[in-house]
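J.: The following block contains the structure, expressed as structure tokens.
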Amino acid sequence: MLPSKRTLLSAVLTAAQSLSYVAAEAHNEDLVITPAPTPTQALAARQVAGGPGTPILSTLTYPYTALPSQVYPFAVLRGPQFGYNQCGAANATATADCQTLVSDFCLWGSPDPNGQIGDVEAKVVSYCTNPEWGGRPIPAGGIHGVQFMRTSAYIQIVGFLDNTALGLSPTDTGGELDPHGADLQGNPLGGVVYSLDTNFSPDGGKTPGQVHNWNLFVGNGVFCIKVCFNSITSPDYCENRYDLVGCDYNMPNALQNGTYLDCEGDLQTPVGTYVTNGQTLTWSMPDPLTTPPPYTPVVPASSQCTTFSSQQLFANAGVSLFSRCNLHLTDSHPIGLRRRLWLERCLHLRRRELQPDGQQR
């Protein structure tokens, strides 16, 4: 099981602030976390959000191929955003400031060396194992274990990593990123998430489709990300109000360090809901959080698991589109349950590669 988030809990309690609550204006080059707003301040931010020039991030919809240069260029609240949203392989460098994340497979990380999530949450950028998505490269070996799990309502990816693989300080205990926040502008500001899964993709896995409800925890040597199907809104499996209790409660799992699995899975009990003596109870996280939750989360059952290696996780990093498609078309591709999607996507990539002008797009 992923390590307990008690270290995350204690660190956040000491700071006495929620990582989701960042409502103050800040310049792009000097974004820092601010104290949690009062209820009056939070209400004021929400009243501004959704007004002229201040769209609510989670309501914005863009085809992956028609993203603007910046989703949030507005100089209001905490804006404009730090990075850009039109990414792609040509921009996949160690200094890329891409704020479009493709969950198959990218993570949010710090744009600054030795960053702390609490300081950079508004301007985190994507880090990817595949240069096609335009993020900064996750170095081979930077991830020490992964479980992909697909359920009937969401896809969950959990794992172990070196903080430094995402530009984070080795001692950063981390926090949550999501498309909401106190001012409804999300963290990162202007950050959008996409997936190749057929529940999101408009063309059966060839082109990423937008994910409107998601959350991601990273830090303390672990990560977890959940992308919820847009068609399912209740219960909310991507609830973002429990940011202080980490992966253990938001995405309970039994992954062992050094293990690489691709599985089908049962649905988890929504975070904050638990059963005691036959009674279903709910727990709302107080602010500040002074004691652990009153229950132990139940790990959902998984099945049909396929094992792969760390080398295979990074097998397509740095190879040409043509070579990568040949790799995906072999029966040895590690992500067994996603083989059909990869095959469809590779056929699309090969057609693009063979276009008359010979340019990769």
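J.: For the residues 107, 313, what sequence is obtained by ranking on other C-beta atoms within 10 Å, fewest first?
T.: 313, 107
J.: What ranking do 280-288, 158-166 get when scored by the average of other Cβ atoms within 10 Å per residue, highest first?
T.: Packing order, densest peptide first, comes out as 158-166, 280-288.
J.: Please label the shape of the stretch 156-207 as rounded, prolate or oblate, based on the square roots a ≥ b ≥ c of the eigenvalues of the alpha-carbon gyration tensor (a/c under 1.5 means rounded; beyond that, a/b larger than b/c means prolate, else oblate).
T.: oblate
J.: Then there's this: Each label point is 7 Å from the Cα along the Cα-to-Cβ direction; what then is the distance between the points at residue 114 and residue 60, in nm?
T.: Inter-label distance under the simple model: 3.3 nm.
J.: Okay, next question. How large is the Rg to Rh ratio of the stretch 103-155 when both quantities use alpha carbon positions and Rh follows Kirkwood?
T.: For the stretch 103-155, the value is 1.02.
J.: If I take all pairs of Cα atoms in the stretch 49-119, what percentage of them are more than 15 Å from each other?
T.: Result: 62 percent of Cα pairs exceed 15 Å.
Every number here is computed from the coordinates shown, using simple stated rules; none is lab data. Here the structure is a predicted model, which is why all the values come from computation and not from measurement. Reconstructed Cβ throughout: ideal geometry from the backbone, glycine too, with neighbour counts over all protein chains shown.
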